[in-house]
Amino acid sequence: MSDLLTVDAAIARILRQINPLPAETVSLADSLGRVLAEDVRSEVDLPPFANSSMDGYAVRAADITGASAQTPVVLRVVMDIPAGSMPARAVGQGEAARIMTGAPLPAGADAIVPVEQTDTPFSQRGDAPLPDQVAILKASRAGDYVRLVGEDIRAGQVVLAAGTTLRPADIGVLAALGHAQVRVTRQPRAAILSTGDELVAVEEPLAPGKIRDVNGYTLAALVAQYGGIAIRIPVARDTLDDIRRRFNEALDSQPDVILSSAGVSVGSFDLVRTVLAALGEVNFWRVNLRPGKPLAFGHLRGVPFFGLPGNPVSAMVTFDVFVRPVLLKLSNRLDIMLTARALTGEALSSDGRRSYVRVTLKEIDGNLVATTTGTQSSGALLSMVLADGLLIIPEGMTHVPAGTPLDVRLLRARFGE
Ligand code: AMP
Ligand code: MG
């Protein structure tokens with residue numbers, strides 16, 4: 001066993017050994033949630049041509065300076081410009097063109113009069129004959145309801161930075177810029193292993209002394225939540241042969257990281273350690289955090305390996321603290337750590353390790369107030385289900401009076417109802 005490590009030192013030590021994954025190309029339709037591998041720079045102006053932002057009439061603003069409902073200005077309608085077509089001619093003095101939203105502004109015109117500001121409404125069917133003239137009921141200024149070339153995006157502008165996790169709006173920009181394919185970082189593949197004779201799969205009946213495998217599911221869901229692909233390996237029994245077989249199965253699944261839970265605690269059988277020693281180099285770290293000691297980290301045949309604690313809450317918390325940053329680094333993703341500052345709603349105590357306390361959050365008099373979610377046993381599943389966040393008691397702080405401001409790692413976006 002090595003010395004007691006601080007949480008931050010352990011994270012830094014781990015991250016030094018993680019290299020980002022290479023890029024791959026996916027179709028735009030499959031890019032939601034993927035991480036952009038390179039900056040996207042626009043080669044064009046958007047909009048690419050000046051166009052109308054309303055259904056109406058393209059006019060010369062100077063022609064209608066005095067227009068009002070009492071003193072309408074009548075213009076000759078010389079053409080129709082549906083969206084997707086080009087104007088047949090320019091608009092001259094005393095002239096107007098019927099124009100649809102998104103259609104190009106004709107030469108000569110400098111403003112759009114919305115159809116509601118004329119005496120000539122459009123038919124709903126859109127096939128109304130072109131009127132000979134239109135009475136304008138309101139004055140316009142040059143530029144009214146005109147979308148200018150490049151007012152949204154300029155040629156040469158970086159619109160999306162490498163590391164961006166693509167959201168629907170980002171995908172819209174990529175579509176507008178003509179990217180049918182996108183360069184994204186390959187998704188990290190994480191093999192997930194549970195070990196223990198007491199564990200049964202969720203679809204199997206429970207027998208006396210048995211519990212259901214929880215970590216196999218929580219860890220797989222966490223991997224997916226951070227953009228990875230989870231590969232679930234069947235539960236390994238507490239025998240050398242079975243543990244060896246399942247670890248080999250995990251290695252065969254071409255993982256970028258291997259996550260196992262249980263079997264690494266001091267009191268447990270040393271079976272997992274024996275198998276690990278044969279497959280690679282793994283260090284058992286005493287990290288100054290609660291819940292979550294001990295943590296095993298190393299490499300199995302070159303693949304980064306985490307041996308997480310067996311208790312479900314400890315497994316989830318250590319995932320959040322140590323594995324999540326690894327997934328983010330593997331996928332070259334800009335950090336998405338969400339924290340808030342909250343006041344403790346009650347007096348708390350800690351043993352001096354950095355402690356992650358499950359809390360609910362409520363806004364009271366403009367402050368977020370953190371209240372513990374009942375039992376903090378590292379096996380208590382509901383303590384995580386109820387939690388809005390993990391309140392972080394720093395190393396060395398053993399007494400925390402009520403009202404102390406501390407950081408909270410947010411686990412959901414909405415709370416305080
Ligand atoms: P161990 O590290 O093997 O001593 O396990 C510590 C505790 O975590 C024990 O109470 C185990 O039953 C429990 N545990 C281990 N693995 C799992 C799992 N996959 N799902 C639920 N509980 C587990
Ligand atoms: Mg066990």
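The table that follows gives values for the structure above.
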item: Residue identified as in contact with a Ser or Thr (Cβ under 8 Å, 6 or more places away or on another chain), under 29 Å from P255 (Cα atoms) and surrounded by fewer than 18 Cβ atoms within 10 Å (Cβ to Cβ) among L338, L334; result: L334
item: Sole residue being crowded, with 19+ Cβ neighbours inside 10 Å and farther than 30 Å from S253 by Cα, chosen from A128, A169, A97, A88; result: A97
item: The listed residue being polar (S, T, N, Q), under 30 Å from D3 (Cα atoms) and at pLDDT 95 or above, out of S265, S194, S253; result: S194
item: Strands (runs of 3 or more DSSP E) lying entirely in segment 142-242 (those with 1 or more residues that are within 16 Å of ligand 2 (Cβ to nearest atom)); result: 189-194
item: Counted residues, segment 50-102 - those being over 20 Å from P131 (Cβ atoms) and either of a type in the set (F, W, Y) or under 48 Å from the mean Cα position of the chain (by Cα) (or both); result: 7
item: Given (1) among the hydrophobic types (A, V, I, L, M, F, W, C); (2) more than 26 Å from the chain's Cα centre (by Cα); (3) crowded, with 16+ Cβ neighbours inside 10 Å, number of the condition I258 does not satisfy; result: (2)
item: Test: residue in segment 344-355 that is of a type outside the set (A, V, I, L, M) and crowded, with 24+ Cβ neighbours inside 10 Å; result: yes
item: Checking V303 against (1) crowded, with 24+ Cβ neighbours inside 10 Å; (2) away from ligand 1 (no atom under 13 Å from the Cβ), the condition it does not meet; result: (1)
item: Residue in segment 257-271 that is more than 15 Å from ligand 1 (Cβ to nearest atom) and free of Cβ contacts under 8 Å to residues at least 12 places away in the same chain present; result: no
item: Any pair with Cβ under 6 angstrom, 6 or more apart, that starts in segment 222-243 at a residue that is within 21 Å of L276 (Cβ to Cβ) and ends at one that is acidic (D, E); result: I233/E249; V235/D213; A236/D242; R237/D197; D238/D197
item: Checking D252 against (1) crowded, with 16+ Cβ neighbours inside 10 Å; (2) away from ligand 2 (no atom under 16 Å from the Cβ); (3) charged (D, E, K, R); (4) free of Cβ contacts under 8 Å to residues at least 24 places away in the same chain, the condition it does not meet; result: (1)
item: M316 under 26 Å from the mean Cα position of the chain (by Cα), at pLDDT below 95 and not charged (D, E, K, R); result: no
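For every residue, the table says whether it meets (1) on the phi < 0 side of the Ramachandran plot; (2) in the same structural domain as F322 (by TED's automatic domain parsing); (3) of a type in the set (S, T, N, Q).
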residue	(1), (2), (3)
E203	yes, yes, no
A207	yes, yes, no
G227	no, yes, no
V235	yes, yes, no
T239	yes, yes, yes
R244	yes, yes, no
N248	yes, yes, yes
P255	yes, yes, no
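The values are calculated or read from the model by the stated rules, or taken from the named source; none is laboratory data. Fair warning: this is a prediction, and the values are worked out from it, not measured in the lab. A quick note on method: Cβ atoms are made from the backbone with ideal geometry, for glycine too, and the neighbour counts reach across all protein chains shown.
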